[in-house]
Amino acid sequence: MAVTALDLAGCTPTTKQAAPGASASTATTAAPAGATAPVWLCRPGTTPDPCQSDLTADVVGASGSRSVQAPPAPAGTKFDCFYVYPTVSSEKGPNADLVIQPAEDAAARAQASWFSSVCRVWAPMYRQVTLSALFSGGLPAINTAYQSLLSDWQYYLAHVNDGRPFILIGHSQGAAMLIRLIAEQVDPNPALRARLVAAILAGGNLQVPTGQTVGATFAHIPLCTSTSSAGCAIAYSSFGSPPPANALFGRPGTGVSLQSLQLTKSGQQVACVNPAALAGGTAWLTPYFPQTGAVPWVTYPQLYQASCQSSGGATWLQVGAEKTPGDSRPVVSAVAGPTWGYHEFDVNLALGNLVGDVAALEGAYRS
């Protein structure tokens, strides 16, 4: 399967809402001899750390009522989160350097900071494929990005993880890189699989055999179907209407799939796990969007409902705004067009649910 520039397409999380208005043995994987420490975008105990930002939120109800939600307490040290950000770099050339820019900082705040309430968040800089190379970088740029992230992961395991269980979190290009990393480094390694609590792979087109929860991309790691069994993956791409035939996500062999995984369309579908209902069905999303002003976050309870849908060769998370008369709250739209759906908002639309899922799966891991 050929990989095009669109296979890594992603978008930059904004600093304000863009919508209207059991212990296991230590893994054997080690950092290469002479490997240097990553440049950490987020690292526990450092300041500033965009993954340790203020989580105070405005709660806006359907009637226009407003209240302030106090931030959750910081997490303990039992679990690690390893976060890989989406395509945000506007640097020239096919691959970004390792200098922290405002775009990476904003991505970490928008997507990863809420997870600091349930885990210690680590996020390395990696030489991602830049926005300017999405249409021209090809496999050399993809492989450079992946090898950069792989080096960071190996160093993290060898020098800072200390055998802790971990959660992997990525979106778009970040999810694509993690899908390959999991397929090559975690899925075949029983010791690492035993320490995997969950993998959150939003907008990454993880594939499974049609109608099944494991196989295709991952041989051993299944999709999450409940919060009572850890070691699973939550994957989805959100749309407000059925993905068109040329959609970049939700269709096997497209989107952020990687050639090295030899993904095919035949007999496979893109995975969909509803973050609000791991067992399936329709449920309310708990969104959190960054906003400007004194309170850094806003949430809209009982505004969005979501369910996994399959039709016409596509599988996706159907997200619908359920507004009652007089509800003037803003809603997201397919700002990049129907082929992208709600890709930009994949994480933030379900951020509260994802954090709750991680907390529950951590509890299952302990038991």
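The values are calculated or read from the model by the stated rules, or taken from the named source; none is laboratory data. As the structure is a computational prediction, the values presented were derived from the model and not from experiment. As a convention, Cβ positions derive from the backbone with ideal geometry for all residues, glycine included, and neighbour counts pool all protein chains shown.
A few comments on the model shown:
- Failed criterion for residue 191 (all others in (1) small (Gly, Ala, Ser); (2) in a helix (DSSP H, G or I); (3) in contact with a Pro (Cβ under 8 Å, 6 or more places away or on another chain); (4) more than 30 Å from residue 73 (Cα to Cα) hold): (3)
- Test: residue 68 is surrounded by fewer than 19 Cβ atoms within 10 Å (Cβ to Cβ), of a type in the set (A, V, I, L, M, F, W, C), modelled with pLDDT of 95 or more and in contact with an Asp or Glu (Cβ under 8 Å, 6 or more places away or on another chain): yes
- Of all residues making up segment 221-253, the number that are out of contact with any Leu (no Cβ under 9 Å at 6 or more places or on another chain) and under 25 Å from residue 331 (Cβ atoms): 9
- Failed item in (1) surrounded by 21 or more Cβ atoms within 10 Å (Cβ to Cβ); (2) touching an Asp or Glu at 6+ places or on another chain (Cβ under 8 Å), with residue 299 passing the rest: (1)
- Condition check for residue 182 on (1) at pLDDT 95 or above; (2) farther than 24 Å from residue 352 by Cβ; (3) surrounded by fewer than 19 Cβ atoms within 10 Å (Cβ to Cβ): one failure, at (3).
- Selected residue (criterion: surrounded by the fewest Cβ atoms within 10 Å (Cβ to Cβ)) from residues of segment 103-153 that are part of a loop (DSSP other than H, G, I, E, B) and under 16 Å from the mean Cα position of the chain (by Cα): 125
- Number of residues in segment 154-179 that are surrounded by fewer than 24 Cβ atoms within 10 Å (Cβ to Cβ) and assigned to a helix (DSSP H, G or I): the value is 7.
- Of all residues in segment 209-248, those satisfying the criterion of being closer than 30 Å to residue 141 by Cβ, in contact with a Phe, Trp or Tyr (Cβ under 8 Å, 6 or more places away or on another chain), among the hydrophobic types (A, V, I, L, M, F, W, C) and at pLDDT 95 or above are 233, 239.
- Within segment 45-81, restricting attention to residues that are among the polar types (S, T, N, Q) and in contact with a Lys or Arg (Cβ under 8 Å, 6 or more places away or on another chain), the residue that is farthest from residue 300 (Cα to Cα) is 77.
- Residues within segment 42-101 that are part of a strand (DSSP E or B) and of a type in the set (S, T, N, Q), tallied: 3
- Every residue from segment 273-293 that is touching a Gly at 6+ places or on another chain (Cβ under 8 Å) and in a loop (DSSP other than H, G, I, E, B): 285, 286, 287, 288
- Condition check for residue 130: farther than 25 Å from residue 363 by Cβ, polar (S, T, N, Q), at pLDDT below 95 and touching a strand residue (DSSP E or B) at 6+ places or on another chain (Cβ under 9 Å): yes
- For segment 317-337, the criterion of being touching a strand residue (DSSP E or B) at 6+ places or on another chain (Cβ under 8 Å), small (Gly, Ala, Ser) and buried (at least 21 other Cβ atoms within 10 Å of the Cβ) is met by no residue.
- Verdict on residue 260 being at pLDDT below 95, among the polar types (S, T, N, Q), more than 24 Å from residue 335 (Cα to Cα) and assigned to a loop (DSSP other than H, G, I, E, B): no
- Residues of segment 160-181 include at least one that is among the β-branched types (Val, Ile, Thr), within 24 Å of residue 362 (Cβ to Cβ) and touching a helix residue (DSSP H, G or I) at 6+ places or on another chain (Cβ under 6 Å).
- Lone unmet requirement of (1) within 18 Å of residue 353 (Cα to Cα); (2) assigned to a strand (DSSP E or B) for residue 309: (1)
- Residue list for segment 12-65, filter: among the polar types (S, T, N, Q), in contact with a helix residue (DSSP H, G or I) (Cβ under 7 Å, 6 or more places away or on another chain) and modelled with pLDDT of 90 or more: 52, 53
- Unique residue being buried (at least 21 other Cβ atoms within 10 Å of the Cβ), at pLDDT 95 or above and out of contact with any Phe, Trp or Tyr (no Cβ under 9 Å at 6 or more places or on another chain) when the list is 346, 357: 357
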